[in-house]
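Below is one structure, written out as structure tokens, with a few remarks after it.
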Amino acid sequence: MCALFLGLDLSTQALKASLLDEHLCGIDEVQVRFDNDLPRFETQGGILPRGHALLDETDAACSPAVMYLAALDKLWDRIRYERQWPIERIAAISAAGQQHASVYLATGALDALRCIRSAETLEEQLHTSLFSRQVVPNWQDATTLEECAELMQKAEEHGASLCETTGSIAHTRFTAAQILRWRRRHPAQYEMTERIQLVSNFVATMLTAGAEACMAPLDQSDACGMNLWDIKAGTWSAPLVALVDGENGETLSSKLGDVARDPRHVVARVGTWWQQRYGLRPDCLVCQATGDNPATLQCLTPALGEAVLSLGTSDTVLLPSTMYVPDPQYHTFQHPVSSRSASDETPPYFLMLVYKNGSLAREWVRDTYCDAQWAKFDEAVQKWPTPTQGTAFYWLQPEILPWDARGVHRFDAAGAPVAEFAERTYNAPAMVQSQCLAFRTRIERVLASSGTRLSRVYVVGGAAENHTLCQLLANVLGCEVARPVIQGRSADAGSVVPYNFCSVGAAFRARWVWECATKEQVSWETCIRQARGARRCFLRVS
Ligand code: XUL
């Protein structure tokens, strides 16, 4: 009987699961969408609306922690009863979770997890005992500007900038600023917190529920999204931890728990609660989990000189890197599946560039200038393939790259500012051309520092379906543009399934950890290559 692998993704709006076979072919996918499937939590886009009674700050972007339990219950009911997946064949599970977002487990949480009975749901049994913080921050939260300034200053006082130490300048969504603000506003809750987890290791912890439940460690790559982890030293940064803790830092270190140093780490066998309630095998492995962007990288495994471009609400570029060259303009994270040994083909780091004005800005141009039709937008992009009429920037939201750029700025072909273009539909090519050029400028700069050239870009996200945009990207970036695909089980010609790359990336990790734990120690690259065989993993679109 062929072993199966499960990847979960606890993201902003949904909990998703992807089931793959030993050859990494997709079998099925299922999800629970928070707004529609769990309306009693009153979320909009997965978070509580502004001013909701449960929020202690009007503008906070938070979700009810108990909703995550309800989502796990509902997802597994769907897996078992609606979809009737062959659960008994699942050999290993890993997870992805929204980066930076944190979950706060109360003193006694582990005991509560060990005492649960299979006749009742997670939510029924744990809603009062598991969490010390009922409403938890989402990565979209921006209430922590003051705390960010303090973190930057504290790092400088100790002789290295926050960016040099942790790979990123201070960001409101990063966990350090979030914990600091909450600890000061709610000291009693902080006091009664046994463990602070990221969403990724929280899911792994939940999968151990039962008689031998344990706390899953943080993932190295995900820990880099906290502004607390000293990447070069491979330890928590003592001054930053002390600032966030308010004392000498020991309390916070123990609340954060361990960071797994080996990406092949097996957290535990799946918990007895899961075995009894859903029929998981007693030897099913719970593998180290990571953040959603690292998990996307796992799924697409770009080589050096390749990049992943995710065209979503914001546009994100992921680039593997051999060197640690932190820069305030981007994030440097440890690569989720690199062992960081000289013989490893997987580079030790990856860089992430985030452009805030992605799909929403493209949609604004489509709606304002192209009668709300993508066909008209595409027609205009094809009509003016080069910037003959001028150029423009559309920073509808304060931009990250370049930092805090705002507003719409148009220039004619001679470079003089203009209020509007003579032909209004020219706004469409002007926008996508300037977006593509922005990607090119920064990617080139980053790659130049490691002596590499861009050879291929994998495009994902809604806008990746737009062929005109992909062709323009290929022209501007001067490289091949490819759309990654997850093949269906039969691997018939063309049996390509539109899978969720984060949960599939998590399933890939489960496959690798299982291979290393039960067969032989192989590198990530070897495992994925051998499992996939000669099957196609992307479609060239340019
Ligand atoms: C990355 C970030 C988002 C979340 C989405 O820094 O904040 O992409 O990971 O879940």
| remark: Excluding ligands, DNA and RNA, the carbon-plus-sulfur percentage of the accessible area of the chain with a 1.4 Å probe reads 50 percent
| Size of the chain along its principal axes in angstrom, Cα-based, largest extent first? | 71, 57, 50
| Dipole in debye (nearest 20) - segment 359-439, about Cα centre, beta carbon charges: Lys, Arg +1; Asp, Glu -1 | 60 debye
| said: Out of all DSSP beta bridges in the chain, what portion is antiparallel? Express it as a percent rounded to 5. | reply: 70 percent
| message | Need one value: the accessible area of THR43 in square angstrom, 1.4 angstrom probe, rounded to the nearest 10. | response | 10 Å²
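For SER341 and THR235 in the same chain, what is the full-extension length gain: residue separation times 0.36 nm, less their Cα-Cα distance, in nm?
Details: separation 106, 0.36 × 106 = 38.16 nm, distance 1.78 nm.
Extra length available between SER341 and THR235 comes to 36.4 nm.
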| Assuming R0 = 25 Å, what is the FRET efficiency of SER129 and GLU212, from their Cβ-Cβ distance, to the nearest 0.05? | 0.85
| said: Please give the Cα centre distance for segment 126-183 versus segment 52-107, rounded to the nearest Å. | reply: 22 Å
| task | Please find the FRET efficiency linking LEU539 to ALA405, where r is the Cβ-Cβ separation and R0 is fixed at 30 Å, and quote it to the nearest 0.05. | result | 0.30
| message | Show me, for segment 125-130, the HN-Hα J-couplings you get by feeding each phi into the Karplus relation (A = 6.51, B = -1.76, C = 1.60, θ = phi - 60°), rounded to Hz, glycine and proline as x. | response | 8, 10, 5, 9, 9, 7
| Which percent of Cα-Cα pairs in segment 83-136 sits in each 5 Å bin, short to long? | 4, 14, 17, 17, 23, 14, 10, 1
| Spacing of the two label points (7 Å from each Cα toward its C-beta) at LEU360 and TYR324, in nm | 3.5 nm
| What is the helix-to-structure angle for 175-185, meaning the angle in degrees between its Cα long axis and the longest Cα principal axis of the chain, kept from 0 to 90 and rounded to the nearest 10? | 60 degrees
| query | Going from most exposed to least, what order do LYS376, LYS16, LYS232, LYS255 have by accessible area with a 1.4 Å probe? | reply | LYS232, LYS376, LYS16, LYS255
| request: Give the Cα extents of segment 279-418 along the principal axes, in whole Å, largest first. | output: 63, 42, 26
| GluC sites (Glu not before Pro) restricted to segment 124-222 and DSSP loop, no more than 15 other C-beta within 10 Å | GLU212
| remark: Only helices counted: for the chain, with every DSSP H run of 4 or more residues adding -39500 (n - 2.57) and the sum spread over all residues, [θ] at 222 nm is -10000 deg cm²/dmol
| Of all trypsin sites (Lys or Arg not before Pro) in segment 397-433, which ones are in loop regions per DSSP and have a Cβ with at most 16 other Cβ atoms within 10 Å? | ARG406
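Expressed in nm², what is the orientationally averaged projection area of the convex hull enclosing the Cα positions of segment 359-439?
Numbers: hull surface 20.1 nm².
Computing the convex hull of the Cα atoms and averaging its projections yields 5.0 nm².
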| field | segment 233-262 versus segment 413-458: alpha-carbon centroid distance in Å | value | 41 Å
| query | Put +1 on the Cβ of every Lys and Arg and -1 on every Asp and Glu Cβ in segment 243-305; which of LEU256, PRO294, VAL267 then has its Cα farthest towards the positive end of the dipole? | reply | VAL267
| Using alpha carbons only, how many degrees (0 to 90, rounded to 10) separate the axis of helix 359-369 from the longest principal axis of the chain? | 40 degrees
| Acute angle (nearest 10 degrees) that the helix 467-477 long axis makes with the longest principal axis of the chain, alpha-carbon atoms | 80 degrees
| In nm, to one decimal, how far is the THR58 label point from the GLU465 one, both placed 7 Å along Cα→Cβ? | 3.8 nm
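The values are calculated or read from the model by the stated rules, or taken from the named source; none is laboratory data. Note that the structure is predicted; figures quoted are calculated from it, not measured. We place every Cβ from the backbone using ideal geometry, glycine too, and count neighbours over all the protein chains shown. Heads up: the accessible areas ignore ligands, DNA and RNA and are worked out on the full protein's heavy atoms, side chains in. Shrake-Rupley method; radii C 1.70, N 1.55, O 1.52, S 1.80 Å.
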